[in-house]
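See below for the structure under consideration.
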Amino acid sequence: MAATGTRELRTGLRRGHQPALDALLYQCADGMYAIALSGLPDEAAAQEVVREAWLRMLWALRGARFDADPARRMWRISEQVLAERLGRRPARAARRAATGEDGSVGLEGVRLPRALLEELAELSEEHAEGIRGRWRLRRDVFRGAVVALFLVAVGVWAAVFYQRSRVTGDLAALQYQCLRERVIRQELLTTMRDVTFQLDDPTGADQQTAADCERVMLVLEEIANSESLAQVNGLRYVRERVRRHHLADFVRSLEESFPDMSDRLPRVALALEEVQNL
């Protein structure tokens, strides 16, 4: 529960919540006064140390650094203010004198005067809005940094994706050029025409075979007449036609019926398989 209370107090202080500022003040007021009186016998001088220490604490809360225990930071600031008047060693000795064996800070019977406590509370109220403003600024800067990092990540991802798409497009274009050159150089279209001419009954028993040969020739003709991949009309339709009618498998099946073309038909089948992968 103590850790939870300290965490809530720290969060409230960081955001400039007035109840959190008052809680820290009432928690540390007597301890600050005890440290000051341990080094300064004059009450007026001790009260001035407390006033200066609390003011510095309020300004420190505007910064980005927050201690795990705000009260411990309050004791350090009190010691620093006292050290400016007495020196570091006497100030450290005064803090030790005001610190009990259980780590609590304060002296029996020592209480900060009510008037000064109210004055410090008013001081807290004056600084609360400034603390809140700095917290909002840090919050907005953090959010802006997160958004900026996100945009940078998206930009990098888009650039990588664009570069990969370009590389992929270049590879596809190169693959198509090689395929087209092979279709033309190996005269694959002529191969399928020869198959069609050798069918015994293209309008009867061999009608389905003739129809599939015609489909293969249309695909090969489309490739031979298109100099680039972008010029292929309905590439998706051509690709789907090869897949739907299993044209590559069809051409391979012709090798048994046309053994004299067993060296040419595999080239046609291979070309059709590459069309499916374009």
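Derivation of every value follows stated rules applied to the coordinates shown; laboratory data play no part. On a predicted model such as this, the values are computed, not experimentally measured, just so you know. Cβ sites come from the backbone with ideal geometry, for glycine too, and all protein chains shown count toward neighbours.
One decimal place: the segment residue 208-residue 55 gains 45.4 nm when fully extended, by the rule 0.36 nm per residue minus the C-alpha distance.
Report the FRET efficiency, 1/(1 + (r/R0)^6), for residue 224 and residue 260, where r is their Cβ-Cβ distance and R0 is 25 Å, rounded to 0.05. Don't skip to the end; give the middle numbers.
Numbers: r = 24 Å, r/R0 = 0.95.
Efficiency, rounded to the nearest 0.05: 0.60.
To the nearest ten degrees, helix 2-14 and the longest principal axis of the Cα atoms of the chain are 80 degrees apart. Spin-label model, residue 97/residue 240: points 7 Å from Cα along the beta carbon direction are separated by 9.4 nm.
When peptides 117-126, 147-156 are sorted by average Cβ neighbour count within 10 Å, with the highest value leading, the order is 117-126, 147-156. The angle separating the long axis of helix 114-185 from the principal Cα axis of greatest extent in the chain is about 10 degrees.
Which of 23, 71, 91 sits closest to the plus end of the dipole of the chain, meaning its Cα is farthest towards the positive end, when Lys and Arg get +1 and Asp and Glu get -1 on the C-beta? After comparing all options, I get 91. Summing Cβ point charges (Lys, Arg +1; Asp, Glu -1) relative to the Cα centre of the chain gives a dipole of roughly 1780 debye.
In summary, the convex hull built on the alpha carbon positions of the chain has an orientation-averaged projected area of 28.3 nm².
Computed on region 2-128, with alpha-carbon pairs under 8 angstrom and 6+ residues apart, the relative contact order is 37 percent. Here r is the Cβ-Cβ distance between residue 141 and residue 111 and R0 is 51 Å; the resulting FRET efficiency, rounded to 0.05, is 0.80. Compute the separation of the alpha-carbon centres of region 173-208 and region 9-34 and state it in Å as a whole number. So the two Cα centres are separated by 89 Å. Helix-only arithmetic for the chain: the sum of -39500 (n - 2.57) across DSSP H runs with n ≥ 4, divided by the residue total, places the mean residue ellipticity at 222 nm at -26500 deg cm²/dmol.
Ranking of 54, 135, 59, 157 by neighbouring Cβ atoms within 10 Å, starting from the fewest: 157, 59, 135, 54. For the charge dipole of the chain, defined by +1 on Lys and Arg C-beta atoms and -1 on Asp and Glu C-beta atoms about the Cα centroid, which residue among 238, 131, 174 has the Cα displaced farthest towards the positive pole? Value computed over the given set: 131.
Normalised by 2.2 N^0.38 Å, with N the number of residues, the alpha-carbon radius of gyration of region 2-128 equals 0.99. Couplings 3J(HN,Hα) for region 203-218, derived from phi with the Karplus relation 6.51 cos²θ - 1.76 cosθ + 1.60 (θ = phi - 60°), are 9, x, 5, 9, 5, 5, 5, 5, 5, 5, 4, 5, 5, 5, 5, 5 Hz, where x marks Gly and Pro. The peptide list 192-198, 253-259, put in order of mean Cβ contacts within 10 Å with the highest first, becomes 192-198, 253-259.
With charges set only on the Cβ (+1 for Lys and Arg, -1 for Asp and Glu), what does the dipole of region 164-276 come to about its Cα centre, in debye to the nearest 20?
Numbers: 15 positive and 20 negative charges, 156 e Å.
Around 740 debye, computed over region 164-276.
Helix 70-86 axis versus longest C-alpha principal axis of the chain: approximately 50°, rounded to the nearest ten.
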